[in-house]
Every structure is written in C-alpha cells, then in structure tokens.
Amino acid sequence: MKFLVWGAGAIGGTLGAFLARAGHDVTLVDTVAEHVAAVNRSGLTISGPIAAFTVRPTAQPPNRLTGSWDTIILATKAHHTETAVRALLPHLTPAGCVVSAQNGLNELAIAAVVGEARTVGAFVNFGADYLEPGAILYGGRGTVMVGEAFGKERVTPRVLAIRDAWRDFETLAAATANIWGYLWAKEAYGAMLFATALTNESIADGLARREYRPLYIALAREILAVTLARGVHPEAFDGFDPAAYLPAAPAGAAEQSLDQLVAHNRKSAKTHSGIWRDLAVRKRPTEVDAQLGIVAALGAESGVPTPLTAAVVQLIHEIERGQRPQGLEALDALAGVMT
C-alpha cells in the first residue's frame, strides 16, 4: 500500500519504518527539521530487542510536501491533532481516509475536519521512544487494532486492507467492529499511566506499588463509568481487563489485572511512559488535556463526575509549569482526592 505517515516520532516512525522495510510506499512528514534531515541523510534507524534495521523512506516537512494519498496515518501527539489534520487535508484524496494511530479519542477531532466517512480508528499499544533525529527505540510489542470509527458496525474492505498491511509490522494486528471499545479502555489504562508519570517510577514499578493500587483502580473505574454512560463496551488488551475494575467485579479482580499489566510492561525495553518522557526528558507540554481533559468534559456531558481525572490534569499541569516536582509526593496528592 501507499502510506503518508504524518508525525514520524515514536509511533509513526516505528510503523512507517516497518512498512517501508516490507516494501510499502511510505512517505514521512514531521515538523522537526533535524529529524527530517537525518532521515533523508542517513535513513530511519529502529533499535531495540525486537528488531534493529535502517530504512530510507522519503521524509518531508509539511510545507514542502506535494501529492495526495488514499491512506494517511496520523501519529502526532493528541494535542496537535486539529492543526495536523488541517495541514494534511489538501493531501487526502476525496475517497481516502485518515487513520488515527494516536493515544486518545482523536477520531472525534479528525472527523470534525475531514468528515466521519474519511475517518478510520486505530488502537496501538506497542512501546516506542523517539531517541534522537533519525533514531527510534522499538521497545515492546502490544495490541494493534483497526476499525471504522463512525457509522459502520462492521469490518469494511478498507479496514481489512490496512490491517493486512500493518501485519508487516505486527503479525497479530487485527480488525474490529468496536474500535471505540479499545480506545475508551486505553483511556482508563492511560489515566493510570498519567498517574505513574507524576513520579519517577517506571510503569511496571509504579503499578506494582500495593499502597497506590486503590488509587489506580478508582481512577480506571471513574473513566470506565464515563465509557459505559456513553454506551461503549470497553475491550480488554495486554493485561488490562476493563471488567475487572467495575464495581460488580469479583474481589481481587482488579489487583490481578494490575499484576498482568506489571508483567506486560516488564517485558518492554521502554520502561517509562511517553508522558513521563515529555515531563522529565523533553521538558514539553503533555497530551493531558487532549487525552484526559476530554474525558472529564464528556463525563460532565453524561452526568458522570470525574474528580480524580480532573485532579490528574491539574497535577500534570503543575509539573509542566515547574510548580511541583515529579515524585511520590505528587501521587500522594492525587490519592488525597479520594479521601
């Protein structure tokens, strides 16, 4: 297939590199000039325990891109979605689609620009980090799903075509008629990742701490309450079982799910979340508003209170502004909202 990958960082760069290596026609777009220059000069290098190779796809900054594509993979940070979609729109064919390979509920923002008929959802849970211009760490495998985001409760030919191509990256990539079930479940899991990013703990070490497990469970339960209120059935993936966090779940079910999440993350060379990396390493704003702020807003719209989610957003912003250090004390402040 012919792909335009808009955003060639951790997610987009990994996907694009594997697709290019398999012989697909891949063009990368990125706003980081040094990254684009490095890819065009020396290629895009993937490292890590799963694969190590270099490919040489074409890379361009947005303002130099020409041409049009039937399939555009959007892999920017969630808070850059609207700007990116407006920039890529001239390069999308009338019958083409934008596939959101992002974290969050970004299909809503994409559809507002390109239309629901040209929006395809995707769920990606593999671990990767942008290391430096032209270099990406692919640290751990994870679930990859593709599905229609609007108006089609079935698996369509275009979804199957994307799935088949993406199997050149992840052999277990699958198609689903319930992509929102995966995206909302990732919101609940993602909220726990934001909580671990308040500290300097790794994902696995943070989730393994028994004293904070009531907090993680309450946070996931709060977001799942919004999910259910919106009529979405959340799906399980990679150790995260939404049913385990619901109030009617058997005793110990959520703790067992957390143990499975710890085991899954221990297998990855990517130890910390991208949220933590934005705060601690790259010193830049996170996706917290686009990922969790929207959940709080949708919760209010559905009549579901989300005090813990709102507190995570506030604490992350305090760290971004330099008003609060990352550490267990920040997680303790979040736990205080439960009392």
Checklist entry - Peptides 27-38, 219-230: what's the order by average Cβ count within 10 Å, highest mean first? => result 219-230, 27-38
Checklist entry - Looking only at Cα atoms, what is the convex hull volume of region 17-175 per residue, in Å³? => result 108 Å³
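Accessible area per residue of region 261-339 at 1.4 Å probe, in Å²?
With the other protein chains kept in place, region 261-339 gives 47 Å² per residue.
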Checklist outcome for this item: For region 133-254, the per residue accessible area (1.4 Å probe, Å²) is 35 Å²
Checklist entry - How long is the gain from residue 253 to residue 52 if the chain were fully straight, where each residue apart is worth 0.36 nm and the alpha carbon distance is subtracted? => result 68.6 nm
Checklist entry - So what does log10 I(q)/I(0) come out to for region 119-259 at q = 0.21 Å⁻¹, using the Debye formula with one equal point on every Cα and no solvent? => result -1.28
Checklist outcome for this item: One quarter of the C-alpha convex hull surface, i.e. the mean projected area of region 262-308 in nm², amounts to 4.7 nm²
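With a probe of 1.4 Å, find how much accessible area region 49-117 has per residue, and write the answer as a whole number in Å².
Values: 3020 Å² over 69 residues.
The answer is 44 Å² per residue.
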Checklist outcome for this item: Magnitude of the Cβ-charge dipole (Lys and Arg +1, Asp and Glu -1) of region 1-153 about the Cα centre, nearest 20 debye, reported as 300 debye
Checklist outcome for this item: Of every hundred units of 1.4 Å-probe accessible area on the chain, the number belonging to carbon and sulfur atoms, as a percent, is 52 percent
Checklist outcome for this item: All alpha-carbon distances of region 1-84, grouped into 10 Å bins from 0, give the whole-percent distribution 18, 56, 24, 2
Checklist entry - So what does residue 276 come to for accessible area, using a 1.4 Å probe and Å² rounded to 10? => result 50 Å²
Checklist entry - Between residue 22 and residue 177, what is the label-to-label distance in nm when each label sits 7 Å out along the Cα-to-Cβ direction? => result 2.5 nm
Checklist outcome for this item: Checked against the positive end of the charge dipole of the chain (+1 on Cβ of Lys and Arg, -1 on Cβ of Asp and Glu, about the Cα centre), the farthest of 13, 185, 145 is 13
Item to check | Span-like helix ranges in the chain, DSSP H, alpha carbon extent 15 angstrom or more, Kyte mean at least -1.0 | outcome: 10-21, 179-197, 213-229, 253-266, 307-320
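Quick one: length gained pulling residue 281 to residue 40 fully straight, 0.36 nm per residue minus the C-alpha distance? Don't skip to the end; give the middle numbers.
Values: separation 241, 0.36 × 241 = 86.76 nm, distance 2.55 nm.
My answer for the length gained is 84.2 nm.
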Checklist entry - When all C-alpha to C-alpha distances in region 230-280 are sorted into bins of 10 Å, what percent of pairs does each bin hold, rounded to whole numbers? => result 23, 38, 31, 8
Checklist outcome for this item: Farthest towards the positive end of the dipole of region 89-238, among 173, 91, 102 and with Cβ unit charges of +1 on Lys and Arg and -1 on Asp and Glu, lies the Cα of 173
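The values are calculated or read from the model by the stated rules, or taken from the named source; none is laboratory data. None of these values were measured; they are calculated from a predicted model. When we count neighbours, we look across all protein chains shown, and the Cβ atoms used for this are built from the backbone with ideal geometry, even at glycine. Note: areas computed on protein heavy atoms with side chains; ligands, DNA, RNA excluded. Shrake-Rupley method; radii C 1.70, N 1.55, O 1.52, S 1.80 Å.
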